[in-house]
Structure formats: C-alpha cells, structure tokens
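Quick note: the coordinates plus some simple rules give every number you see, no bench work behind them. Because the structure is a prediction, the values reported are computed rather than measured. Counting neighbours? That spans all protein chains shown, and the Cβs are built from the backbone with ideal geometry, glycine included.
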Amino acid sequence: MNSRAQIKLKTKMMILFLAIILVPLMCTVLVFLGFGYYENIDMLQELSKKDIMIGAIVNRRLLKYMLVAMSAILIFTSAVITAWLNRDVYRPLKELSVAMQHISIGDFDYHMNGGRGDEIGVLFNNYEQMRLQLKESEEEKAQNEKKSKELVSNISHDLKTPITSIKGYVEGIMDGVANTPEKMDKYIKTIYNKANDMDRLINELTTYSGIGSNKIPYHFNILNVTEYFSDCVEEVGLDLESENIHLNFTNLLSADTCVVADPEQIKKVINNVISNSVKYMDHENGEIDIRLLDEGESVKIEIEDDGKGIASKDIGSIFERFYRTDASRNSLQGGSGIGLSIVKKIIEDHGGYVWATSKEGEGTCIHFVLRKYTEKTDEVFI
C-alpha cells in the first residue's frame, strides 16, 4: 500500500481547500509587495515625471501579470482538485454503485478490489464483507430449499406406503377376506404397525422443527437404566416380531445404575435407530442386538443389526440432516433423512455423544454414551 493511499480522505479535502485559499493569497501578497516598492515616498520624490509615467506603466503591467497569474493558479488548482476528486471519490463511488447494482439483481460474485487505506478503502472492505455474507446466506437458503423439497418428497413417500397398506387391510376386513380369527388378528396387527409408522414419522417432523428453532422440549428425570431399557426392549420386540426380526438384549450394568435423561426423547433415539435398521435390513429373519455396557462414569448403549451395512465413505456423514447413503435406493424405501440427525441432537443435548461403526454386508452398530447419575449431574440438568 503506497503512501498516497494512507492519507485520509478528510485530510486530502482539507489540504485542497487550504490550497484554494492560501495559494492565491500568497500570490496577491507578493504582488502588493512589488507595488509597495514603487510607492516608496522617497523614491517618488526623486523620480522625474518621465520616471513616474514609466513606473505607472510598469505597475499596470504588473497588475495585468498578477491577474493572469492568479487566473492561471485558480485554473490549475481547480483542475488538480477535480482530478483528485474524480480519482479518489467519484470513480470509487461509481464502482461501488455498479457493485450494488449487481447485488440488487442477485449477483453476489462481483468482486471489488480493496488495497486502500482511506475511508473509501474501508467502504470497499465493508462491501466485500456484506457480499460474502449475502452470498453465503443465499447459498444456504438454496440448499435448505432443496433439502426441504427433498424432505417433502420423502415424507410423502413414507406416508403413502402405510396409508396404502392400511386401506388395503381395512378393505380386506370389510370384504370378509379376514374370515378367521387368525387372519383378523394378523390384519389388525398390521394396521396397528402401519399406524405406528405414521405416528413415528409425524414425531420426527415435530422433533425436526424443534431442531431448527432449538426448542426441543426436555423433561429430565432420574432413570434406572436397566428398568427403562427392559421396558423399551419388551415394547420394541413386539413390533419387530411382525417384521420377522429377532431382538437380543444384553445388560452388563449393575441393577442400580441411573442416568439423568428425558424418557420420551431417549425413546425417540431408540425407535429412530431401530427403524433405520429395519428399513435397510436386506434379508429375512434379521437380528438386532441392544447392549448396555459400563464405561466407568458413563453408560454405553449399542444397537447393532446384521443388515447390509454402510460404506466407509458414508459412515462419517450419516448423522447429517437429510443425508442418505444411497439416494436411488432410499427413494424406493422411503426415509426422510432426518432420523439419525435427531438422534445426534438429542444425545448431545443430554451431554453425551454418538457415533457409528459398520461393515458392508455384515451390519451397522450405533453407539451412544450417557453420563451416569451423580448429584452434580442432577444439578446440571434439573
């Protein structure tokens, strides 16, 4: 950055206006000093009439030269001021006006070069910061709109599938197809399971809206881990039976181990993980294992399936919102793409953390850790 750029615009303007005043004034003073020389009384007394006439002529010429000089100085000063203002004020403002026009039509790629140290340079830098923020905001908005459309499409698919099944089984009951107690019981259980799928999806949407506004409602309680997960396993196991999936439960915790958690939100975590496992189970008679492990000051929960697994390139992204490991395959199976992001949000809001391990063709395991209950933990959450 050169020294000229370091001079503030306000300082430049002060120098210019002082030059407008001082330069002509100084020239006038010099001229009058010249006049004073010829107006000296002693000299005039000694001058002859001819000399006085010559002096008058000289004075007139000097006055003419003075006027010409002052005019030239004023013209030169005005030209310098105009060029300076054009270069340092008007031209930059015109560039800024062009840049703002690009912003107004949604073009956030028009870049302005800075490199100035005065007020105009600060203005350029502020424009650049505004442009980059607007560009980032616009890109984020476009991405969110794309994801929202994808979410609506996925949810429509998810809702259509259970509704179609419910309508088909209800029609079967109405037409008398379920003419035995066994068939009737099977139809009713299927309708119930499909209704649960719809309820789960609606809960996902409700929770997702809470993630966006960071307003997920929590009601923390002290939970006995063994009792809580035993009840969950019993409830989930009944739903998995209709999917021909066997649920195994392993508990390596002491009977009095507790955590501080919201039972409803932790239930969403379990349901979302298991529903993901069921959705991508690529064979019949699958298995899902739930394990409770003691990690010292924490409790580790593992939910593992023997499904198709997840590629190593995708494993680090599955907890991102709307992320799906195989868009073409998932579009046939449905899936909003927000289930595991909800899991991550809830676990982290509980002070824990979650991750996944997987091998393609062998299955996937979701691990999450919750802190054990202590008086200090109780104070933090409650």
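Values computed for the structure shown
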read-out: Long-range HN-HN contacts of residue 258 with modeled amide H, under 5 Å; value: 225, 373
read-out: Highest average packing first - 221-234, 243-256, Cβ atoms within 10 Å; value: 221-234, 243-256
read-out: Dipole-positive endmost among 318, 258, 307 within the stretch 216-381 (Cβ charges, Cα centre); value: 318
read-out: Column: log10 I(q)/I(0), Debye, Cα scatterers of the stretch 216-381, q = 0.09, 0.11, 0.15 Å⁻¹; value: -0.29, -0.44, -0.82
read-out: Cα point-scatterer Debye curve for the stretch 72-203, base-10 log of I(q)/I(0) at q = 0.19 Å⁻¹; value: -1.04
